[in-house]
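Participant: Can you read through this structure? Questions will come right after.
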Amino acid sequence: MKIRGVGDVLLERSIRAKHMSLSIRPFRGPRVAVPRGVSFVAAEKFAHSKMSWIKKHLEKMTSIEKQTEVLKERLPIDSGKARKHLVERLDELCKRNGFKYNRVFVKNQKTRWGSCSDKNNINLNVNLVQLPDELVDYIILHELVHTRIKDHSHRFWEALSKFVEDPKSLDRQLRDYTLG
């Protein structure tokens, strides 16, 4: 669907969505997740009602897209060196803060800086090596806290703040960086 002044907005049926939600992703644009039982006519009205929000965030996405293009022109990451560096830092932070994890995987992920599985396997994005050290440590410690608390509840953020000063601020800073 097209909205004047905004452009294309994807209306997409989602079996996981409980409510209509709007998101904007770099290089993909605006998307409305339409749950079962909600008509596309209602989704169009929803998108039109959020036009000012879409415009505001499209400007931010344009900036992120430009930044991504600049990043693509950088030299490629040596994944072997990046893996060695990230695993050494992970192990150092574990030892210093009393964490344990099962296995570690360093991958070139498109949507996440890191994750922690139910089995306490830590996944780290190889592109972390392009971030400032403070953010690398934040992401690693974020995932290590997930070895103890598997959600993003108040309890999680409280626990994380014992290892990282003002984690919510660092989380916001991460939004200034895009994944390759």
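Participant: Compute the angle between helix 79-97 and the longest alpha-carbon principal axis of the chain, please, reported from 0 to 90 degrees and rounded to the nearest 10.
Facilitator: Approximately 70 degrees, to the nearest 10.
Participant: Tell me what the chain gives for mean residue ellipticity at 222 nm when only DSSP H runs of n ≥ 4 count, each as -39,500 (n - 2.57), the sum divided by the residue total, rounded to 500 deg cm²/dmol.
Facilitator: -14000 deg cm²/dmol
Participant: In the range 1-105, which trypsin sites (Lys or Arg not before Pro) are in a loop and have at most 15 other Cβ atoms within 10 Å, using DSSP for the loop call? Each step should come with its number before you reach the end.
Facilitator: Working: sites: K2, R4, R13, R16, K18, R28, R31, R36, K45, K50, K55, K56, K60, K66, K72, R74, K81, R83, K84, R89, K95, R96, K100, R103; in loops: R4, R16, K18, R28, R36, K50, R74, K100, R103.
In loop regions of the range 1-105 (DSSP not H, G, I, E or B), the sparsely surrounded trypsin sites (Lys or Arg not before Pro) are R4, R16, K18, R28, R36, R74, K100, R103.
Participant: Measure off 7 Å from each Cα along the Cα-to-Cβ vector at E158 and K84, then give the distance between these two points in nanometres to one decimal.
Facilitator: 4.3
Participant: From the list (i) 19.4, 71; (ii) 19.1, 55; (iii) 19.9, 60, can you say which value of Rg and Dmax of the Cα atoms in Å was derived from the structure given?
Facilitator: Label (ii) holds the value from this structure.
Participant: Further, regarding this structure: Ranking T178, T68 by Cβ neighbours within 10 Å, fewest first, what do you get?
Facilitator: Numbers: T178 19, T68 15.
Ranking T178, T68 by Cβ neighbours within 10 Å, fewest first, gives T68, T178.
Participant: Then there is this: If you fit an axis through the alpha-carbon atoms of helix 133-146 and take the longest principal axis of the Cα set of the chain, what angle between them do you get, 0 to 90°, nearest 10?
Facilitator: 90
Participant: Taking the Cβ of each residue in D171, D176, D133 as the centre, tally the other Cβ atoms inside 10 Å and list the residues starting with the fewest.
Facilitator: Values: D171 17, D176 12, D133 9.
If I rank by nearby Cβ atoms, fewest first, I get D133, D176, D171.
Participant: Among V87, V6, V41, V32, which comes first, second and so on when ranked by fewest other beta-carbon atoms within 10 Å? Don't jump to the answer; show the numbers that get you there.
Facilitator: Working: V87 15, V6 18, V41 9, V32 24.
Ascending number of Cβ neighbours within 10 Å: V41, V87, V6, V32.
Participant: Before anything else, pin down the relative contact order of the range 79-174: Cα pairs under 8 Å, at least 6 apart, normalised by residue count, whole percent. Walk me through the numbers before you get to the answer.
Facilitator: On the way: 106 pairs, mean separation 22.9, N = 96.
Relative contact order of the range 79-174: 24 percent.
Participant: Extending each Cα 7 Å along its Cβ direction at K110 and R172, get the distance between those two points in nm, one decimal.
Facilitator: 3.0
Participant: OK, next. Can you give the Kirkwood hydrodynamic radius of the range 79-174 from its Cα pairs, in Å with one decimal?
Facilitator: Details: mean 1/r = 0.0752 Å⁻¹.
After inverting the mean inverse Cα-Cα distance, the result is 13.3 Å.
Participant: Sticking with this structure for a sec: Could you please report the charge total around D8, scoring K, R as +1 and D, E as -1 over all other residues with beta-carbon less than 11 angstrom from its beta-carbon?
Facilitator: On the way: positive: K2, R28, R31; negative: none.
That works out to +3.
Participant: Please give me the summed charge of the neighbours of S23: other residues whose Cβ is under 12 Å from its Cβ, Lys and Arg +1, Asp and Glu -1. Before the final figure, lay out the partial values.
Facilitator: Numbers: positive: R25, R28, R31, K50; negative: E12.
Once positives and negatives cancel, what remains is +3.
Values in this text are rule-based calculations from the coordinates and carry no lab data. Everything numeric in this text was worked out from a predicted model, so none of it was measured. In this analysis, Cβ positions are derived from the backbone assuming ideal geometry, glycine residues included, and neighbour counts consider all displayed protein chains.
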